[in-house]
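A short worksheet on the structure shown next.
The values are calculated or read from the model by the stated rules, or taken from the named source; none is laboratory data. No experiment lies behind these values; they were computed from the predicted model shown. Cβ placement follows ideal geometry from the backbone for every residue including glycine, while neighbour counts extend to all protein chains displayed.
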Amino acid sequence: MKYQFHACGHPNILGTHKTTLEFTKDNELSLKGDCIVGVKADFELKKIKQFIKNSRNKKISITIKTISTTKKIKDMISAELNLNFDDDKEFIIRKTDFASERTFAKKANKAAFELNRNLIDYLKEKKSKISVIIQNKE
């Protein structure tokens, strides 16, 4: 099973949070959002809930890769699905096992500060775009 969505970069992306990373549907971002690594995310709650419902197990991989003809950068995260995810605006991945309705995945092996720094630099460009691909681990 696979689900994919896209998000955009923003000049205020820092990617320095120690325990989480987030994609948001918001267009703007302040410097306080140090966990946010993508804005204008186009994920669809209904489709994500269907992905969760149809998943054979809770173990997933999340691939973040650039959509660019000149910069090919990607990073991968392993995590565990939160079966109670239910947020249409924020998509949070946590290293801890804390789960709220905004938590898509927990027990991740990476937080924002551990992502490939070339990817974070790319995301600081206003016109940058990324693809986020979620797959079940077999």
Only one of (1) surrounded by 20 or more Cβ atoms within 10 Å (Cβ to Cβ); (2) touching a Ser or Thr at 6+ places or on another chain (Cβ under 6 Å); (3) closer than 18 Å to Lys2 by Cβ does not apply to Phe43, and that is (2)
Just one of the numbered conditions (1) out of contact with any helix residue (DSSP H, G or I) (no Cβ under 8 Å at 6 or more places or on another chain); (2) closer than 19 Å to Ile130 by Cβ; (3) in a strand (DSSP E or B) is not true of Ile64; which one?
(1)
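Restricted to the range 1-59, and to residues that are of a type in the set (Gly, Ala, Ser) and in a loop (DSSP other than H, G, I, E, B), which residue is nearest to Leu81 (Cα to Cα)? Even if it seems obvious, please write down each step before you answer.
Initial filter on the range 1-59 (of a type in the set (Gly, Ala, Ser)): 7, 9, 15, 30, 33, 38, 41, 55.
Now narrow it down to the ones that are in a loop (DSSP other than H, G, I, E, B): 9, 15, 30, 33, 41, 55.
Working: Gly9: 25, Gly15: 22, Ser30: 28, Gly33: 23, Ala41: 19, Ser55: 9 Å.
Per the stated criteria, the residue is Ser55.
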Is it the case that some residue within the range 61-75 is more than 23 Å from Pro11 (Cβ to Cβ) and over 15 Å from the mean Cα position of the chain (by Cα)?
no
When you check Lys107 against the structure, is it among the basic types (Lys, Arg) and under 13 Å from the mean Cα position of the chain (by Cα), yes or no?
no
Please enumerate the residues belonging to the range 68-114 that are among the hydrophobic types (A, V, I, L, M, F, W, C), in a loop (DSSP other than H, G, I, E, B) and surrounded by 20 or more Cβ atoms within 10 Å (Cβ to Cβ).
Phe85, Ala108, Ala111
Restricting the search to the range 46-65, which residues are β-branched (Val, Ile, Thr) and either surrounded by fewer than 17 Cβ atoms within 10 Å (Cβ to Cβ) or within 19 Å of Thr16 (Cα to Cα) (or both)?
Ile62, Thr63, Ile64
Restricting the range 1-53 to residues that are hydroxyl-bearing (Ser, Thr, Tyr) and touching a residue at least 60 places away in the same chain (Cβ under 8 Å), the one farthest from Phe98 (Cα to Cα) turns out to be Tyr3
Only unsatisfied item for Thr16, checking (1) modelled with pLDDT of 95 or more; (2) within 14 Å of Gln135 (Cα to Cα), is (2)
Residues of the range 80-96 satisfying the condition of being of a type outside the set (Val, Ile, Thr) and under 11 Å from the mean Cα position of the chain (by Cα):
Glu90, Phe91, Arg94
